[in-house]
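Take a look at the structure below.
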Amino acid sequence: MKRGKKAALIIIPLVICLAAAGAYIYYTGTIGYKLAKLGYTKDQAGSITAIFSEEEQQVLLASPATPEIIDIASDPRYQKANFKDYLSGLQEGKTAETLLTDYDPRVVKLRAEKGYLEQNLAAYLSKKDSVPDMADQDVVRLVNTTLVYEKTEGYDPALYDKYEAYRLKQVQKTEGADPDVIDEALCAAVVKHVNTALPYSSEKYYIDAYLDRYEAYRAANPDKALTDVVAEVNAGIDKPFYTDIEHADMSKGYLVLVNKYYYVEDSDKPQTTALSGYGVGELESTAAEAFKQMVEAARAEGLSLRAVSPYRTWAIQNLFYTGYARNAGTAEADTYSARPGHSEHQTGLAVDINVASISAHFENTAEYAWLQNNCWKYGFILRYLPDKQYLTGYVYEPWHYRYVGTEYAKDIMDSGITFEEWYAFYVANPDK
Ligand SMILES: [Zn+2]
C-alpha cells in the first residue's frame, strides 16, 4: 500500500468527523435546536422560526424569555414591529396579556381618546367588535355613559339618544364642565328629566326648560289636558297675575312682551310720531307709518279706520287705571285696564281702533272683518283674542291691535295662540 493511500484513509474520516462535529456545534447554536430542547416538535419549530427574522432569532437564542415571547407571537394580536418591546416588557415582569394589550393598535388608539377609562377597555373592544364602523371617540363616550346610565333607576336604553342630548345640553350650560367626564348625579337627573318629559313629546309648544313648572301645575290641576298645561304655563298663569313682575325685555324690539308680568319703565318711552289725520295721539314712529298705510288701504276699500287710543304715557295709564279701579274695583278693572307700567299702549306699539268698548261690538263691523284679513300685512296683530281671557287677563278686545312688525305678524295671527304663548315659544324660549 502506498503511503498516500494510507494517509487518505486517516484524513478522510477525520475530515468527516470534524465536519459532523462542526455541524453539531453549529446546530446547537440555532433556534431550531433551542426549540427542540424547549419541547417543540419539528413542525412547530418550523412555523415558529418563520415568525421571527434572522436578527430576532439571534436575540431569542440569548434570551431566557423565549417560551413567553413565542406564546405572544402566536397570538393574533402580536405586532411584529414591537418584538423588542415585548421582550423588554417580559424582562420587566409584565405578563403576556398586558403586553399584547399594550401594543394592540386598537387599544393604543382607544387609549389616546379623551375620556378613556382603563376599567372599560373590555367593553370598548366588544363594542368595536359589534359596531366596527363606529369612531373610537364615540365608542368611548357611548360605553362610558351607558355603563353609568345602566346603574340609574328608570334608565330605558331606547331613550339613550334623548338622555345624551339633554346631558350634553346641561354640560354646555356649566362653565368648565367636560362632556367626557360622566357625572353619576347628572346622569340620574338626566334620566329623571327625560322620563318625566316623555308624555309631553307630542305637545307642539312644549318648552323643556319649563318642565318643572308644567309638572307642578299639573299636580295642582290633575284633570287638565297636557296641551292646556303647556299653554297656561307658557302664558305664565301658573303664577297669579301681577306676581313676580319683571321689567319687559326691551331688547326684543317690536316683539317686546308687556302684560301682567312684564312692565315698562317711564324711561322706556318710545320715539313717537303723531297720527294727525289718522286719529288721535301718537304711535312709535315705525308703527305710526305702518298704521297710516293700513288706514289708507282700508280707505281705498271704502272702510274707515281711526286711532282712538294709541300711545299712552305712564302718567296717563295711571290715570286711566286708578279711575277704573276707583269706580269698578281692582278685580274688575284688571280685566280691561292695565296697571301703570303694564299696558302695551305705553310701548307706543298698541292702538285701539275706532272704538274701545265691548258694548260697541266692533267685531260685527266690516272694518273688523277687513282688519282680520289685512292687519298682518302692515305688521299688526289682534292682541286679545276671544275666549283667551284666562290666559291674557283681558277680555276680548276686537279693537286693540299691536304692532309686531311684518316679519312675524302673519305667523302670529295664523297660530291662533295668544301673543303670550307665541312669545314664550318663539321669542323667549330658553331651549332655543
Ligand atoms: Zn287697547
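Quick look at the values:
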{"read-out": "Cα gyration tensor, segment 38-78 - rounded (a/c under 1.5), prolate or oblate", "value": "rounded"}
{"read-out": "Interchain or long-range residues, amide H under 5 Å from Gly279's placed H", "value": "Ala307"}
{"read-out": "Unsatisfied cross-links (Cα-Cα over 21 Å) in the set Lys252/Lys410; Lys224/Lys410; Lys37/Lys84; Lys162/Lys432; Lys224/Lys388; Lys292/Lys410", "value": "Lys224/Lys410; Lys37/Lys84"}
{"read-out": "Residue-by-residue Karplus 3J(HN,Hα) for segment 66-82, coefficients 6.51, -1.76, 1.60, Hz, glycine and proline x", "value": "3, x, 5, 6, 5, 4, 4, 5, 7, 7, x, 7, 4, 10, 3, 5, 9"}
{"read-out": "Relative contact order of segment 246-427, defined on C-alpha pairs under 8 angstrom at six or more residues apart (%)", "value": "22"}
{"read-out": "Set of aspartates and glutamates near Lys128 by C-alpha distance (under 12 Å), chain-local residues within fewer than 8 positions excluded", "value": "Asp136, Asp138"}
{"read-out": "Coil-residue GluC sites (Glu not before Pro) of segment 34-117, DSSP, other Cβ within 10 Å capped at 15", "value": "Glu92"}
{"read-out": "Rounded to whole Hz, the Karplus (6.51, -1.76, 1.60) HN-Hα couplings of segment 347-353, x for glycine and proline", "value": "7, x, 9, 10, 9, 8, 10"}
{"read-out": "Calculated [θ] (222 nm, deg cm²/dmol) that DSSP helices of n ≥ 4 give over the chain, each run adding -39,500 (n - 2.57)", "value": "-14500 deg cm²/dmol"}
{"read-out": "Summed side-chain charge close to Ala248 - residues other than Ala248 whose Cβ falls under 11 Å, Lys, Arg +1, Asp, Glu -1", "value": "-4"}
{"read-out": "Calculated from backbone phi, Karplus (6.51, -1.76, 1.60) coupling profile of segment 207-221 in Hz, x at Gly/Pro", "value": "10, 4, 5, 9, 3, 4, 5, 4, 5, 5, 5, 5, 5, 7, 10"}
{"read-out": "Prolate/oblate/rounded label for segment 246-427 (Cα gyration tensor, a/c 1.5)", "value": "rounded"}
{"read-out": "Separation in nanometres of the label points that stand 7 Å from Cα toward Cβ, at Ala428 and Ala135", "value": "3.8"}
{"read-out": "Relative packing of 237-250, 305-318, which averages over residues the other C-beta atoms within 10 Å, highest first", "value": "305-318, 237-250"}
{"read-out": "Amide H contacts of Ala350 (H built 1.01 Å from N, under 5 Å, at least 5 apart or other chain)", "value": "Tyr403"}
{"read-out": "Local net charge near Val139, Cβ-Cβ under 11 Å (Lys/Arg +1, Asp/Glu -1)", "value": "0"}
{"read-out": "Alpha-carbon centroid distance for the pair segment 36-60 / segment 205-220, whole angstrom", "value": "73"}
{"read-out": "Gap separating the Cα centres of segment 252-313 and segment 403-432, nearest whole Å", "value": "19"}
{"read-out": "Simple Cβ-charge dipole of the chain, Lys/Arg +1 and Asp/Glu -1, about Cα centre, in debye nearest 20", "value": "2500"}
{"read-out": "Stretchable slack from Lys37 to Lys84, in nm (0.36 nm times residue separation minus alpha-carbon distance)", "value": "14.6 nm"}
{"read-out": "Segments 142-152, 39-49, 378-388 sorted - mean Cβ within 10 Å per residue, highest first", "value": "378-388, 142-152, 39-49"}
{"read-out": "Relative contact order (percent, whole number), segment 90-210, Cα cutoff 8 Å, 6+ residue spacing", "value": "20"}
{"read-out": "Per-pair calculated FRET efficiency, R0 = 41 Å: Asn221 and Asp161 via Cβ, rounded to 0.05", "value": "0.85"}
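FYI, it's all coordinate maths here, none of it is from the lab. Note that the structure is predicted; figures quoted are calculated from it, not measured. A quick note on method: Cβ atoms are made from the backbone with ideal geometry, for glycine too, and the neighbour counts reach across all protein chains shown.
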